[in-house]
Amino acid sequence: MKIFPSSVPLFCLLVLLSAPVPFPGSPAPVIYAQDYSAFKTDDEENNIEIFKQAGPSVVNITNSRIVRSFYTLNPQEVPLGSGSGFIWDKEGHVITNFHVVRDASRMTVTLPDGSSFDAVPVGVAPDKDVAVLKIDAPQHALNPVSLGDSSLLEVGRKVIAIGNPFGLDNTMTVGVVSALGREIDSVVGRKIRDVIQTDAAINPGNSGGPLLNSMGQLVGVNTAIFSPSGASSGIGFAIPVNSLKNIVNDLIAYGRVQTPILGVSLLPQAYANQIRGLEGLVILDVFEGGPAHEGGMRGVTRSGRGLILGDVIQSVDGEEIASQDDLLTVLEAHEPGDEVTVVTLREGRREEYRVELEAPSSP
């Protein structure tokens, strides 16, 4: 007769007596503590919650172009492709990449519930690869994305991409911030600075979709991938939301980004490169009544000896200017009405001007 300690409860005795005895050499039986459907890790819980929260904000964008048939000369609609986007506000504004809607004659936005709406362009910023569309959808069907703060990101923080890769319905991929402060080229050749690099899988069709933090807040717009094959290679790029906010506000209000101007035209870089020893930007012409004109700057003049250079911009507010991209980057950090210090070279002499920037003229 076996004796068990008095502290062992009766149900434990029954379990021990009823447990199967494995044959010698057989693996020990696996006893599952709970059902899988009720088990989730903290990270899984977070992923599921974010997808449920942000998924209704993500849309599919298809576009087409009207072309004339070569044989009949009749106009016909030709599909161009598709991409992703997300709802910005209850007014029906949708954010996506410029390259998603470039050259499109017609754009259609499909919400997660399957309803589709024709979209009209509100404004585009090709040098930032951002476009704002608008759809006439009922407010109850619009779920604006929650905005985050991209300045709080750190390398190693979790990020989630949601989009429509290869035309598939809302798809989620998970990764981390791989690097910050990257630079990529826009479709018009301008540098897009302070870009987020992530290893969250971004494939064709993800462009324009949101990059989210672990609170489900928007921290970037998925824009490009680095890949020899065209598919995800673990190096994706997203425009940070802090840059996006000002761009979108300008596009909604004015239809274009309100980068302030100096009121000058510049000698094209290809010609400037032919001038030996020249560094900086050559002012070709100064617009009468503009900030540069009021400040006393001078452009290229013509004499009997040929062309005479005027002011050559060296720096603006202490930032060295070596290209038009450098100048635009500095100006984008200001608002119309701000005063800046412009340092130039004129006939070998250093000149300094204090000028008040003005808003660009209407297109």
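The values are calculated or read from the model by the stated rules, or taken from the named source; none is laboratory data. Every value quoted in this text rests on a predicted model; they were computed, and no experiment measured them. Every residue, glycine among them, receives a Cβ derived from its backbone with ideal geometry; neighbour counts consider all protein chains shown. SASA here: full protein model, heavy atoms, side chains in, ligands and nucleic acids out. Shrake-Rupley method; radii C 1.70, N 1.55, O 1.52, S 1.80 Å.
The requirement of being free of Cβ contacts under 8 Å to residues at least 60 places away in the same chain and either under 34 Å from the mean Cα position of the chain (by Cα) or surrounded by fewer than 17 Cβ atoms within 10 Å (Cβ to Cβ) (or both) is not satisfied by Ile261. Where strands (runs of 3 or more DSSP E) sit wholly within the range 302-363, those with at least 1 residues that are surrounded by 14 or more Cβ atoms within 10 Å (Cβ to Cβ) occupy 311-316, 339-346, 349-356.
Could you list all residues from the range 152-180 that are open to solvent by 40 Å² or more (accessible area, probe 1.4 Å), modelled with pLDDT under 95 and among the hydroxyl-bearing types (Ser, Thr, Tyr)? Scanning the range 152-180 gives a single hit, Thr171.
Within the range 181-193, the set of residues being farther than 19 Å from Val219 by Cβ, open to solvent by 60 Å² or more (accessible area, probe 1.4 Å), touching a residue at least 60 places away in the same chain (Cβ under 8 Å) and under 14 Å from the mean Cα position of the chain (by Cα) comprises just one member, Lys191. The number of residues in the range 131-151 that are open to solvent by less than 10 Å² (accessible area, probe 1.4 Å) and more than 24 Å from Ser214 (Cα to Cα) comes to 4.
Here the range 218-237 is the region considered, the condition is being small (Gly, Ala, Ser) and over 10 Å from the mean Cα position of the chain (by Cα), and the residue that is modelled with the highest pLDDT is Gly236.
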